[in-house]
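*Asks:* The structure that follows is given in the form of structure tokens.
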Amino acid sequence: MKALKLYIPILSSLLVACSSEDIETANFGSDTYKNDYNYVNATQYEVAFHMANTELDGDERDVSNDKYHVATLARDSTPARIRHEHNTNRRISFYAKSVNKLGMLRQEKLKVNNKQNYHVIAWQDDAEKIQIKLLEKQKQNKADFFAIRILSNETLTITINDQAINTNKGEVTSWYYVDDCNSDIIINEKPLDLCAISLDQSYTLVMNNNDIEEIILEE
């Protein structure tokens, strides 16, 4: 099993849609139209992320263009937090591609909610595919417990507090509460070691082939 990694995102100085010379410029009238996106590389490759408002004044943006690049993250990098301005009646294009392996790329066109921050997670479907998961940031803190939810790249049966639960590939589970960091979550008869994280906090675990690829603190 890989060594446990815990990542707390830092706010990037790059603010998308804030320059009058940028094609994304469109001040929609209020800061309530600005969300934070926490970009996470949960693959085994270096990944470049792009984002763009899919339609602006009737034209669709080519999100693969370098002008829409927001972050490049090596494997094991600290996630990058990007603030983006959007219109809730239109979609945002999210794009991720491997920097060092040709042909591994993914684009998703998704609507987002106002006043809701998100994780944008690049995860590895198999050795040749990258997928993108847009996941609402949440906190479910409980005193003296770890609050845990799991996003896995495969269907798994996981034992949590002696109860068997099934994950669906690419879908996040419900929240679960555990208080023993080294025995309450079991995969393939082996406990997940969560002893580097803190009680009273909420975490999203991104699993890659039965191993923990990322542990994201929900702030």
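The values are calculated or read from the model by the stated rules, or taken from the named source; none is laboratory data. Predicted, not measured: the structure shown is a model, and the values here were computed from it. Backbone-built Cβ (ideal geometry, glycine too); neighbour counts: all protein chains shown. We work out accessible area using only protein heavy atoms, side chains counted, and drop any ligands, DNA or RNA first. Shrake-Rupley method; radii C 1.70, N 1.55, O 1.52, S 1.80 Å.
*Asks:* So who's got an amide H within less than 5 Å of the one on Tyr39, skipping anything under 5 residues away but keeping other chains? H placed 1.01 Å off N, in plane.
*Replies:* Ala80, Arg81, Ile82, Val120
*Asks:* In addition: Using only alpha-carbon positions, what ratio does the radius of gyration of segment 49-193 give when scaled by 2.2 N^0.38 Å?
*Replies:* Rg over 2.2 N^0.38 Å, computed on Cα atoms: 1.22.
*Asks:* Another question about this same structure. Calculated FRET efficiency, Glu219 and Ser174, Cβ-Cβ r, R0 30 Å, to nearest 0.05?
*Replies:* 0.90
*Asks:* Using only the Cα atoms of segment 123-217, what semi-axes does the equivalent ellipsoid have when each is the square root of 5 times a gyration tensor eigenvalue? Give whole Å, largest first.
*Replies:* 21, 15, 11
*Asks:* Let me ask another. My understanding is that a pair violates if its Cα-Cα distance is over 23 Å; which of Lys139/Lys190; Lys67/Lys101; Lys137/Lys169; Lys142/Lys190; Lys67/Lys115; Lys34/Lys169 do that in this structure?
*Replies:* Lys139/Lys190; Lys142/Lys190; Lys67/Lys115; Lys34/Lys169
*Asks:* Follow-up. Mind checking the full-extension length gain between Ala74 and Asn188? Use 0.36 nm per residue of separation minus the Cα-Cα distance, one decimal, nm.
*Replies:* Gain in length upon complete extension: 38.2 nm.
*Asks:* Now for a different question. Label Lys142 and Lys109 with points 7 Å out from Cα along Cα→Cβ: what is the distance between them in nm?
*Replies:* Label-label distance for Lys142 and Lys109, simple model: 4.1 nm.
*Asks:* When the solvent-accessible surface of protein heavy atoms is calculated with a 1.4 angstrom probe, in what order do Phe145, Phe94 fall, highest first?
*Replies:* Correct descending sequence by accessible area is Phe145, Phe94.
*Asks:* Here's a follow-up. Can you order the peptides 132-142, 40-50, 77-87 by their average number of other Cβ atoms within 10 Å per residue, highest first?
*Replies:* Averaged packing, sorted descending, gives the order 40-50, 77-87, 132-142.
*Asks:* Would you kindly find the accessible area of Ile187, with a 1.4 Å probe and non-protein molecules such as ligands, DNA and RNA excluded, rounding to the nearest 10 Å²?
*Replies:* 10
*Asks:* How much length would be gained if the chain were fully extended between Asn166 and Asp66, taking 0.36 nm per residue of separation minus their Cα-Cα distance, in nm to one decimal?
*Replies:* Difference between extended and current length: 32.1 nm.
*Asks:* Could you order the peptides 155-164, 95-104 from most to least packed, using the average number of other C-beta atoms within 10 Å per residue?
*Replies:* Packing order, densest peptide first, comes out as 95-104, 155-164.
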